[in-house]
Amino acid sequence: MQLFKKKILSILDDKAQIPFAKKLGPYLYNFWRDASNPRGIWRRTTMTEYLKPQPVWEIVLDVDALAKSENENWVFKGENCLKPKYERCLISLSRGGADAAVVREFDIPSRSFVKDGFIVPEAKSSVDWRDENTVYIGTDFGPGSLTDSGYPRIAKRWARGTPLSAAVQVFEGNKADVWAGAWVDDTPGFFREGFMRAPNQRESEMFILLEGKPVKIEKPLDASANTWREYLYITLRTDWTTGGKTFKQGSLLITKLEAFLGGERKFEVLFEPTERTALASVSETRSALVVNINDNITSRSFELSPSGAGWSRRELILPGFGTGEARAVSYDSDDLWVTYSDFLTPNSLYLTRLGEDLKTPIKSQPAYWNSVDAVVQQLEATSKDGVKVPYFVVHSKNMKRDASNPTLLYGYGGFEISQKPFYSGGVGSGWIANGGVYVLANIRGGGEFGPSWHQVALKGNRQRAFDDFIAIAEDLIARKITSPQHLGIQGGSNGGLLVATVMTQRPELFKAVLCQVPLTDMLRFHKLLAGASWMGEYGNPDLPEERAFLERYSPYHNLKKGVQYPRTFFMTSTRDDRVHPGHARKMFAKMKDQGSDVLYFENTEGGHAGAANNAQRAKMTALGYTFLLNELK
């Protein structure tokens, strides 16, 4: 275990890792952790330097030094810098990696926090610049100011030099909402501001301020909307009939904002999905939108540019059939960052421009394991209801189909989050190089094939996600890739719920379960921390009809004494203020009381990510893979 921990830590601390950067004004900024800087440094360089093999960086904020001077276990949670100079930033610092953070105004030229600047006490806050002397803020203002999910419900406008208590309320959501707040589009020449409220994680209302009054953007509640220059673009989660046309679920639509606010409903379709394609992301450059899609769970990227004759479309050819993404370097240029990796190919970073093709990558991650003898397959399993569910298998070319291969099946299956091919030094060196087979499941509940793939596993249909995962396990066994004595499963958060559930439903299928920061009590999840925000995904346990289907699969409530469950290792974090560590604690305790063979590890830091620095992440990774190798090999 110690050797593997050392190997993982060397990968995480390797200075040859790609220092992904964000362009703010004339500088590129990067947050970096290594053995010398375990909490990390926020640093910057120029583009000229960045293109060199070994750029020269200047430190903007040393989090290790800050934590030591203030005697706090600070974890850097990001920055929000004011355009166009990017000299003043709102820095978020979390104690131990929790979601709740302190926000403090920072002055880059002097490398110091602004003494009488904007300072927000620890909370799950949202703060955004309106101008140099004003911010919009949503935070814990006291009793009644948070939603049932623990996020801001009230937005206020806060002027520099005044106490937070003097901030003026400008918007209010409902207590049952997930959150509500203000937004700012500060693109020069197209400044806009408004408000949003989210009844649940899939739905939102958007308002834009016109002459001081909020005007609602009329769209489907479950569609997302964004402004870009003179345009409004909308992504649909369900079919929408408007302006005499019906637009397909999963489509990306665009129109002129001014015309839309005037009542016109004339949209152009920038993307329309097929059965096996789905919108992955949209990025905004100065003169075009860059659209990334999933095509049978591999990536494709397109440049979409407006003109007098409509929108032109150009595909940016990626290096392979894996996971790639093109995104804007900055809002005020047409430069693009392009990343690419797959299970066998380390991550590469390219710099290009609209209309140009990819050339040599400017930076590449080292290869941390010998993948020459490995192979990737995309297979399908037939779920209980007859639906074909894809999955990826990564293994040695010399793998024998004799049912004896130690196999790790990983899944998530929720919140429209896609699981796509990726390169991992930890998975490669810790699992595949040790003779293991790695399997990535693309079950329903995720977003691999768009909103419909997600929605068919919502609430009372959640069992479909579990059935898909079980079907993949059975398919691996039927193909003699592995057997129950050599099959382990892993999942975290919603994936932790997944593996805990299928373990209770089909314990004979698995030998080992690695269950990380999980939900396990589905009758009380909505009463713990951010749990109420997930009722749109899982259901409301306070409603009898929804409590009934939750009770049918809730892992904690379906444990049975006398059943031989696979050996299970629970991992969580004391500082997880998103999924309460009580879920893992009580599941472990009940299994132990019933005589099951269970292990438990709780990191005192890390938040929902489970680890606050590279050393902690290396330790937890080593613990997990050592457990799995011992059980399955």
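Looking at K219, is it within 28 Å of S533 (Cα to Cα) and not aliphatic (A, V, I, L, M)? Quick ask: steps written out before the conclusion?
Details: within 28 Å of S533 (Cα to Cα): yes; not aliphatic (A, V, I, L, M): yes.
Yes: the conditions hold for K219.
All but one of (1) in a loop (DSSP other than H, G, I, E, B); (2) at pLDDT below 95 hold for P19, so report the exception by its number.
(2)
What are the residues in the range 459-502 that are open to solvent by 20 Å² or more (accessible area, probe 1.4 Å), of a type outside the set (G, A, S) and farther than 21 Å from L379 by Cα, if any?
K459, N461, Q463, Q485
Does T246 satisfy the condition of being open to solvent by 30 Å² or more (accessible area, probe 1.4 Å), at pLDDT 95 or above, hydroxyl-bearing (S, T, Y) and under 23 Å from G447 (Cα atoms)? Spell out the reasoning first.
Details: open to solvent by 30 Å² or more (accessible area, probe 1.4 Å): yes; at pLDDT 95 or above: yes; hydroxyl-bearing (S, T, Y): yes; under 23 Å from G447 (Cα atoms): yes.
In short, yes.
List the strands (runs of 3 or more DSSP E) inside the range 153-269, counting only whole elements, that have at least 3 residues being more than 24 Å from the chain's Cα centre (by Cα). Give the derivation first.
Working: elements: 154-159, 168-172, 179-185, 192-200, 203-210, 213-216, 224-228, 231-235, 240-242, 245-247, 252-256.
Passing ranges, in order: 154-159, 168-172, 192-200, 203-210, 213-216, 240-242, 245-247, 252-256.
Of all residues in the range 288-318, which are outside any strand (DSSP E or B) and either among the aromatic types (F, W, Y) or out of contact with any Pro (no Cβ under 8 Å at 6 or more places or on another chain) (or both)? Quick ask: steps written out before the conclusion?
Within the range 288-318, the first condition is being outside any strand (DSSP E or B), and the residues that meet it are 288, 296-297, 308-309, 317-318.
Scanning the range 288-318 gives G308, A309, I317, L318.
Can you find, within the range 547-568, the residue that is nearest to N630 (Cα to Cα) among those that are open to solvent by 10 Å² or more (accessible area, probe 1.4 Å) and hydrophobic (A, V, I, L, M, F, W, C)?
If we take residues in the range 547-568 being open to solvent by 10 Å² or more (accessible area, probe 1.4 Å) and hydrophobic (A, V, I, L, M, F, W, C), then V563 is nearest to N630 (Cα to Cα).
Restricting to the range 393-419, name every residue that is assigned to a strand (DSSP E or B) and open to solvent by 10 Å² or more (accessible area, probe 1.4 Å).
Here is the first cut: in the range 393-419, the residues assigned to a strand (DSSP E or B) are 393-396, 407-410.
H395, S396, Y410, listed by residue number.
Could you check, for the range 293-308, whether at least one of its residues is modelled with pLDDT under 95 and of a type outside the set (D, E)? Break it down stepwise before answering.
As a first pass, look at the range 293-308 and keep what is modelled with pLDDT under 95: 307-308.
Those still in the list that are of a type outside the set (D, E) too: 307-308.
Among the residues of the range 293-308, at least one is modelled with pLDDT under 95 and of a type outside the set (D, E), which makes the answer yes.
Would you confirm whether any residue within the range 468-476 is part of a strand (DSSP E or B) and either closer than 25 Å to T626 by Cβ or basic (K, R) (or both)?
The answer is no, given that none of the residues of the range 468-476 is part of a strand (DSSP E or B) and either closer than 25 Å to T626 by Cβ or basic (K, R) (or both).
Read through the list (1) out of contact with any helix residue (DSSP H, G or I) (no Cβ under 9 Å at 6 or more places or on another chain); (2) at pLDDT 95 or above; (3) open to solvent by less than 10 Å² (accessible area, probe 1.4 Å); (4) of a type outside the set (K, R), then give the number of the only condition that P544 fails.
Of the numbered conditions (1) out of contact with any helix residue (DSSP H, G or I) (no Cβ under 9 Å at 6 or more places or on another chain); (2) at pLDDT 95 or above; (3) open to solvent by less than 10 Å² (accessible area, probe 1.4 Å); (4) of a type outside the set (K, R), the odd one out for P544 is (3).
Consider the range 305-328. How many of its residues are touching a strand residue (DSSP E or B) at 6+ places or on another chain (Cβ under 8 Å) and surrounded by fewer than 20 Cβ atoms within 10 Å (Cβ to Cβ)?
Let us first name the residues in the range 305-328 that are touching a strand residue (DSSP E or B) at 6+ places or on another chain (Cβ under 8 Å), namely 305-306, 310-316, 318-328.
From the residues that got through so far, the ones that are surrounded by fewer than 20 Cβ atoms within 10 Å (Cβ to Cβ) too are 305-306, 310-315, 319-321, 325, 327.
Matching residues across the range 305-328 total 13.
Any residue in the range 386-397 that is closer than 16 Å to N434 by Cβ sitting within a Cβ distance under 6 Å of a residue that is among the charged types (D, E, K, R)? List the pairs, counting only those 6 or more apart or interchain.
S396/D373; K397/D373
Given the conditions (1) under 21 Å from K22 (Cβ atoms); (2) surrounded by fewer than 20 Cβ atoms within 10 Å (Cβ to Cβ); (3) of a type in the set (S, T, Y), and given that T134 satisfies all but one, which numbered condition is not satisfied?
Only one criterion in (1) under 21 Å from K22 (Cβ atoms); (2) surrounded by fewer than 20 Cβ atoms within 10 Å (Cβ to Cβ); (3) of a type in the set (S, T, Y) is unmet by T134, namely (1).
Among the residues of the range 344-382, write down those that are surrounded by 13 or more Cβ atoms within 10 Å (Cβ to Cβ), in contact with a Leu (Cβ under 8 Å, 6 or more places away or on another chain) and not in a strand (DSSP E or B).
Passing the criteria: L354, L358, P361, I362, S371.
Under 9 Å by Cβ, and 6 or more places apart or on different chains, what pairs join a residue from the range 444-465 that is free of Cβ contacts under 8 Å to residues at least 60 places away in the same chain with one that is open to solvent by less than 40 Å² (accessible area, probe 1.4 Å) and of a type in the set (K, R)?
What qualifies is G445/R462; H454/R444; V456/R444; A457/R444; N461/R444; A465/R444.
Examine the range 6-13 for a residue that is at pLDDT 95 or above and hydrophobic (A, V, I, L, M, F, W, C), and state whether such a residue exists. Give the steps one after another, and end with the answer.
As a first pass, look at the range 6-13 and keep what is at pLDDT 95 or above: none.
Scanning the range 6-13 turns up no residue that is at pLDDT 95 or above and hydrophobic (A, V, I, L, M, F, W, C).
The values are calculated or read from the model by the stated rules, or taken from the named source; none is laboratory data. Nothing here was measured: the structure is a model prediction, and the numbers come from that model. Heads up, the Cβs are rebuilt from the backbone with ideal geometry, glycines too, and the neighbour counts pull from every protein chain shown. Ligands, DNA and RNA are excluded from the accessible area calculation, which covers all protein heavy atoms including side chains. Shrake-Rupley method; radii C 1.70, N 1.55, O 1.52, S 1.80 Å.
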